[in-house]
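Q: Handing you this structure, nothing more for now.
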Amino acid sequence: MSQYRSFINGEWLGTTSTLPNLNPSDLSDVVGEARLADDALVADAIAAARHAFRSWSLTTPQQRADILDAAGTRILQRKEELGTLLAREEGKRLAEAIGEVGRAGNIFKFFAGEALRIGGEVVSSVRPGMTVEVTREPLGVIGMITPWNFPIAIPAWKIAPALAYGNTVVIKPAEAVPACATELVKILEESGLPAGVVNLLLGPGRVVGEALVASPDIDAISFTGSESTGRAIAVKCVTSGKKVQLEMGGKNPLVVIDDADLDVAVEAALDGSFFSTGQRCTASSRLIVTSAIHGQFVAALQRKASELVVGHALDKATRIGPVVDDRQLQQNLKYLKIAAEEGGQVLGGERVERPTRGYFMRPALVIGTDNTMRINREEVFGPVASVIEVADYEEALAVANDTPYGLAAGICTTSLKYASHFRRHAEAGMVMVNAPTAGVDYHVPFGGRKRSSYGPREQGTYAREFYTVVKTAYVKA
Ligand code: NDP
């Protein structure tokens, strides 16, 4: 059995307090055991990152690019092996898990290039004889707090830009997924990253996460996770003057209007709502369907959803892996009960047994709902989608935007007029036309509006807004 430890100033350390890492497809499969960090190790990790910042922030772009590129190559070379580990640890089915590892590798390659593209501006001064230069500098020590649902891609999309722009890192992954974060940090070490530049802390959010947020030696916090945790972190960061970036939940609408290609719409809904067991912040959890296509759409989607094979994440036939843990499974089932009590009709959604003991449930479609029901207001974070029938495109758009969230929104239509209108008027950070709301490119900005996100965007060239500070220099000849 693997033992996972925190990585501090180039050393693997931990206390005697441990937490087992169980495979949600097979609870008899103990993937490993994490030796948890305490307050003293948190302080050591922050001190190491602070010390390393002095030299790392002065490295050349070439040095940083070479390390990021080497890390990207190593990740891609080990795609199958790391994907298998991810599938065991988190329950994502193997093909999707390998895809996530590939994404992590490509992110490191992308930011290797970005390290070389840090530019600035020379601006004419309004004063004679003066030149103005606007440049970007590294921000400092970045604290990162990540969730369990993308255990390698999310750490990658925070660590890679932080390093590219010359920052140092202390990262705390979710307790449920220590293995992927550990492998990622090992790869960085093997790729030549100096000691102290990236430090990993394994431990509970209430101890390690809170200590990171409270530390005066952390300059910024990048957080992905639930809205309630994110809001509390933001308040503390603003009070202590830390820069903060939050990526949180969603209640993403997929609009299907009368002129949609039925097959395209059903495939978009099936993938967006149920793949990755619905455990994606961009999942299509509200399917908003106009009346003329509603009956056909629901019948086709229900048939396809009932055919999805639910099973062990490593089984090639599986289309829907297990829910990550018992707490999340109980939450999914609780929301289905609430939806039924509020008048929705639940199709599927039963807990199922498989040869191995795990957290399996069938995908659930809740029909006959309206947008005021809790199933349409609150994030479930499981393989659960509800259908809201509307009269026409105008009502569909209004319902799509009637939500406190604003991460992703999609429309299925063959009309350029509606596609263009929706692109402009959907109140979301990301808009998809004839595609699932989940599933995005790795080289463009990711993030949302309203209660889904706070602070600068992640990923792509836009990541530099968070990971750098701007300096304006006046030079008199
Ligand atoms: P949580 O908010 O529970 O946890 C996220 C991270 O925060 C974990 O590392 C957790 O540690 C840590 N944490 C928990 N409490 C504190 C605290 N008091 N102070 C500091 N850190 C803390 O979310 P989940 O991990 O359960 O992830 C699911 C949620 O994340 C969903 O709501 C989903 O919508 C959202 N999400 C959003 C994404 C986006 O990009 N918009 C992407 C992925 C998920 P611990 O491991 O101990 O729990």
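Q: For residues that are farther than 19 Å from Arg451 by Cβ, within 8 Å of the ligand (Cβ to nearest atom) and in a loop (DSSP other than H, G, I, E, B), tally how many sit in region 204-252.
A: 1
Q: A further question follows. Show the residue pairs that are 6+ apart or on different chains and have beta-carbon atoms under 7 Å apart, the first residue being within region 123-134 and part of a strand (DSSP E or B), the second being acidic (Asp, Glu).
A: Note: pairs meeting the criteria are Val134/Glu121.
Q: Among residues belonging to region 1-10 that are farther than 10 Å from Thr182 by Cβ and touching a helix residue (DSSP H, G or I) at 6+ places or on another chain (Cβ under 9 Å), point out the one that is surrounded by the most Cβ atoms within 10 Å (Cβ to Cβ).
A: Applying the filter and picking the extreme gives Ile8.
Q: Out of the residues in region 307-342 meeting the condition of being in a helix (DSSP H, G or I) and touching a residue at least 40 places away in the same chain (Cβ under 8 Å), tell me which one is surrounded by the fewest Cβ atoms within 10 Å (Cβ to Cβ). Don't jump to the end; show me each part of the working.
A: Of region 307-342, the ones in a helix (DSSP H, G or I) are 307, 326-341.
Restricting the remaining residues to those that are touching a residue at least 40 places away in the same chain (Cβ under 8 Å) gives 328-329, 331-332, 335-336, 339.
Working: Gln328: 22, Leu329: 20, Gln331: 16, Asn332: 22, Tyr335: 23, Leu336: 22, Ala339: 25.
Within region 307-342, the match that is surrounded by the fewest Cβ atoms within 10 Å (Cβ to Cβ) is Gln331.
Q: Also, quick follow-up: Pick from Ala385, Ala396, Ala477, Ala419: which is in contact with a Gly (Cβ under 6 Å, 6 or more places away or on another chain), of a type in the set (A, V, I, L, M, F, W, C) and more than 14 Å from the ligand (Cβ to nearest atom)?
A: Details: Ala385 fails: in contact with a Gly (Cβ under 6 Å, 6 or more places away or on another chain); Ala396 fails: in contact with a Gly (Cβ under 6 Å, 6 or more places away or on another chain); Ala419 fails: in contact with a Gly (Cβ under 6 Å, 6 or more places away or on another chain).
On inspection, the qualifying residue turns out to be Ala477.
Q: Now for a separate question. Would you be able to say whether some residue in region 95-116 is part of a loop (DSSP other than H, G, I, E, B) and either among the basic types (Lys, Arg) or modelled with pLDDT of 95 or more (or both)?
A: No: zero hits.
Q: OK, next. If a residue must be in a helix (DSSP H, G or I) and more than 15 Å from the ligand (Cβ to nearest atom), how many such residues does region 162-183 contain?
A: Qualifying residue count, region 162-183: 4.
Q: Suppose we filter Thr461, Thr403, Thr413, Thr437 for residues that are more than 15 Å from the ligand (Cβ to nearest atom) and closer than 29 Å to Trp157 by Cβ; which single one remains?
A: On the way: Thr403 fails: more than 15 Å from the ligand (Cβ to nearest atom); Thr413 fails: closer than 29 Å to Trp157 by Cβ; Thr437 fails: more than 15 Å from the ligand (Cβ to nearest atom).
Selected residue: Thr461, the only one of Thr461, Thr403, Thr413, Thr437 that is more than 15 Å from the ligand (Cβ to nearest atom) and closer than 29 Å to Trp157 by Cβ.
Q: Can I ask one more? Within region 127-161, how many residues are under 21 Å from Asp325 (Cα atoms) and either away from the ligand (no atom under 15 Å from the Cβ) or among the small types (Gly, Ala, Ser) (or both)?
A: 1
Q: Do the conditions hold for Val255, that is, is it within 13 Å of the ligand (Cβ to nearest atom), of a type outside the set (Lys, Arg) and crowded, with 20+ Cβ neighbours inside 10 Å?
A: Criteria not met by Val255.
The values are calculated or read from the model by the stated rules, or taken from the named source; none is laboratory data. Keep in mind that this is a model prediction, so the values were computed, not measured. Neighbour counts run over all protein chains shown; Cβ positions are idealised from the backbone, glycine included.
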